[in-house]
Amino acid sequence: MNPSEPIAGFEQTDIAKSLTGWSSYRPQLYFGLKNRRPDSPLFGVMWYRQKLATKPEDIVLRNWAKHEDDVIFMWNQHDGRSFGSQKLIDGEYNIRTDFLNFKSSSWMARFYLTNNSTTKEWPQQLAFILYFAVQDPISTLQMTSIHPTKSGEINLLKGKCDAVNGEFYLKVKPISGSGSKISATAIKSEPFPDMAKTSEMVKEKLHKQLDGNFAFDIVQNLDENNPNIIALQISAKEDTAFEVLFHSVNDGTPPSFTDVFREKEEAFRSNFSRAFPIAKNYSAIYHKMGHAALSNLLGGIGVWHGSCKMRSHLFSPPDSVKPYGPLSLMSAVPSRTGFPRGFIWDEGFHNMLIHKFDPLLTVQIIGSYLDMMNIDGWMPREIAIGSEAEARIPGTFLVQEDWVANPPMFFYLMRDFISDKELFRRYGPELKRMYPRMKQLYLWLRNSQGGPKPGTFRWHDRNSTTNMELNPCSLASGFDDFPRATHPTEKEYHVDLRCWMAMSSSVLVDLAR
C-alpha cells in the first residue's frame, strides 16, 4: 500500500528548477522559508508585544497564521519560486517582509517594522524573533556572535548542510532604527527539533529582565553544544528595518538586494501582463488587485515531506490506521490560516491560474501529487504530511481512507495542456511520463466508485448511520453539503461523478494519442 516510485526522470529534466532554491514553502506561518529538499534547513520569524505577560508561557507569540490573531496579511507580489513582498498589520504595528533567493542556495530578506503612532518612539516595544533550524543529524550549526561589527552587522551563525551545497553563514544587517536590544539563544533538541513546537521551545528560553521586558539569555561559546536551533531577538522601540543574508559559500559574492529585487519585480509584472492582460482603460488599482490575488495563491505554495495517516480494509487488522509514505508534496493551499495543506481537487482549480503564469510550476505540482499514488491508482485527497501540517488539521480529517475518492480535476487541467500546441510542445515529455499514472487513476475511479448498474457511479463516502446531519455530506465529491438523498444507500446514482468520468475519458484518449 505504499506510494509509487517517483515519475522517472521528472526532476532530472533540463527544464526542472533546482531543489535547493529557497521560497516561502511554509505557508502555515506568517513568514517561513525552506527549500524543496527533505533535509532543508528552516527559517522563520515570530513576534510579540513586550510587557503584556508576566511569565514566558503567557506571551502571545505571532508565529502560526491564525484567524484568532486578528492579523491582516497578504502577499502583494510573489512569483511562486524566488521572491515575494508581504504586508502584515497587527493592531498598531505594520510589518513588511521582502525576500528573494539567488544563485543555487542563498537568499536575502528585509523586514520593516513600523508603528502607526505619531511619536518616533513607540509606546510599547515589539520583540521580533528570527530563528534558524537544521532538521537532520548530519548538518552542523554554530552561533558565531551576537555583537555588531563596526558596520553594525551581526554575524550570527554558520554551519554545514548538504541541502544547501555545503558550508553557509547567516548575518543580520541594520537598515534603519536605533536602540534595539539584541539577545539570542541556542536550542538542542534530540534527535532534531519538532517544528510544530517552535513557539513553546522559544518561550522556554525567554526570561523576564529588570525593565519588565523579556529577552533570551545571551549565550557564548556554544561550539560544544552543537545546537539545531538558533534564535535572535530584536526588541525594537522605534521604526526599524534590517536585512538578513543567508549565504551558501559556494554561491560567490552576494548581489545587491535592491537591484535583484527590482529585477524580480519587473519580471513578475511583465509575466503577469502576458498571462493575464488587463485592458489599458482600467486604473492601476486593478493591476495591483490582480497582482495581489495571484500572489496570495503563489505565496501559499508549500512543500512537505514525510507520511500521512491511512486507513484500509486491506490492513491487518482491517480498517486500522498506518503511516502512508514516504511522501513529498508540493502544493498551493486553500487557506494559510484554515487549510494550510494540499487538497487534490482544490489543486486542480489553483493550477487553472498557476499554469497560465508558470506552466512548469504546474507540471511539478501535478507530478508531486501523482507520485503519491499507490499501485491501485488511489491517492490521499486531503494531505497532512509532517508534524507542522498535522498540528493544523482537525483529527476528524487527519486519516485518509483508500476507498474515498475526489473529483479528478487534474484531467480537466490536462485538457488545457493538450489543447495548447505551444504548451504541449514544451512539456510533452513530462505529460507522457504522467500518462500511466493518469490512466491508473481513471481505472481506479471506474472500479472503486461504481454504482449499482453498469455505467453508473456514486461517491463512496456518505454516512448512512449518522444522526448528526439531516442530509449527510459527501466530502469526496467536493460539493460537501450539496443536497443529495437524505438517506444514503448503495443504490444512489451521482450524476456529477458520471460527468467527471465522461470528461476524464475524453482527455485520457486525447493524451494517449
Checking the condition touching a strand residue (DSSP E or B) at 6+ places or on another chain (Cβ under 8 Å), closer than 23 Å to residue 37 by Cβ and assigned by TED's automatic domain parsing to the domain that holds residue 43, which residue from 172, 164 passes? 164
Going through 182, 175 one at a time, which residue ends up being touching a Phe, Trp or Tyr at 6+ places or on another chain (Cβ under 7 Å), among the hydrophobic types (A, V, I, L, M, F, W, C) and part of a strand (DSSP E or B)? 175
Hey, any hits in segment 359-380 for a residue that's without any contact (Cβ under 8 Å) to a residue 60 or more places away in the chain, charged (D, E, K, R) and closer than 22 Å to residue 404 by Cβ? no
Test residue 490 against the stated conditions and say whether it is of a type outside the set (A, V, I, L, M, F, W, C) and outside any loop (DSSP other than H, G, I, E, B). no
Going through 150, 158 one at a time, which residue ends up being surrounded by fewer than 22 Cβ atoms within 10 Å (Cβ to Cβ) and in a strand (DSSP E or B)? 158
Residue match in segment 312-328 (condition: aliphatic (A, V, I, L, M) and touching a Pro at 6+ places or on another chain (Cβ under 7 Å)): yes
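Restricting attention to segment 86-114, and to residues there that are assigned to a strand (DSSP E or B) and without any contact (Cβ under 8 Å) to a residue 24 or more places away in the chain, which single residue is nearest to residue 171 (Cα to Cα)?
Taking segment 86-114 as the starting set, the residues that turn out to be assigned to a strand (DSSP E or B) are 86-90, 93-102, 106-114.
Then keep just the ones that are without any contact (Cβ under 8 Å) to a residue 24 or more places away in the chain; that gives 87, 89, 94, 96.
Details: 87: 23, 89: 26, 94: 23, 96: 19 Å.
Taking the candidates together, the pick is 96.
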Please count how many residues of segment 230-266 are in a helix (DSSP H, G or I), over 25 Å from the mean Cα position of the chain (by Cα), aliphatic (A, V, I, L, M) and within 24 Å of residue 113 (Cα to Cα). 0
Checklist (1) at pLDDT 95 or above; (2) surrounded by fewer than 21 Cβ atoms within 10 Å (Cβ to Cβ) applied to residue 129, failing item: (2)
Can you tell me which residue within segment 104-113, out of those that are at pLDDT 95 or above and surrounded by fewer than 22 Cβ atoms within 10 Å (Cβ to Cβ), is farthest from the chain's Cα centre (by Cα)? 112
Has segment 190-209 got any residue that is more than 30 Å from residue 357 (Cα to Cα), part of a loop (DSSP other than H, G, I, E, B), of a type in the set (S, T, N, Q) and touching a strand residue (DSSP E or B) at 6+ places or on another chain (Cβ under 6 Å)? yes
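Within segment 387-417, can you find the residues that are part of a loop (DSSP other than H, G, I, E, B) and surrounded by fewer than 22 Cβ atoms within 10 Å (Cβ to Cβ)? Walk me through it before giving the result.
Step one: of segment 387-417, the residues part of a loop (DSSP other than H, G, I, E, B) are 391-394, 398, 402-408.
Scanning segment 387-417 gives 391, 392, 393, 394, 398, 402, 403, 404.
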Looking only at segment 89-103, count every residue that is over 25 Å from residue 36 (Cβ atoms) and either hydroxyl-bearing (Ser, Thr, Tyr) or crowded, with 21+ Cβ neighbours inside 10 Å (or both) and tell me the total. 2
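Can you find, within segment 336-362, the residue that is surrounded by the fewest Cβ atoms within 10 Å (Cβ to Cβ) among those that are among the β-branched types (Val, Ile, Thr) and touching a Leu at 6+ places or on another chain (Cβ under 8 Å)? Spell out the reasoning first.
Of the residues in segment 336-362, the ones among the β-branched types (Val, Ile, Thr) are 337, 344, 354, 362.
Right, trim to touching a Leu at 6+ places or on another chain (Cβ under 8 Å) and you get 354, 362.
On the way: 354: 23, 362: 26.
In this case the residue turns out to be 354.
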Identify the single condition in (1) closer than 30 Å to residue 71 by Cα; (2) free of Cβ contacts under 8 Å to residues at least 12 places away in the same chain; (3) not acidic (Asp, Glu) that residue 352 does not satisfy, given that it satisfies every other one. (2)
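The values are calculated or read from the model by the stated rules, or taken from the named source; none is laboratory data. The model shown is predicted, which means the values in this text are computed figures rather than measured ones. Backbone-built Cβ (ideal geometry, glycine too); neighbour counts: all protein chains shown.
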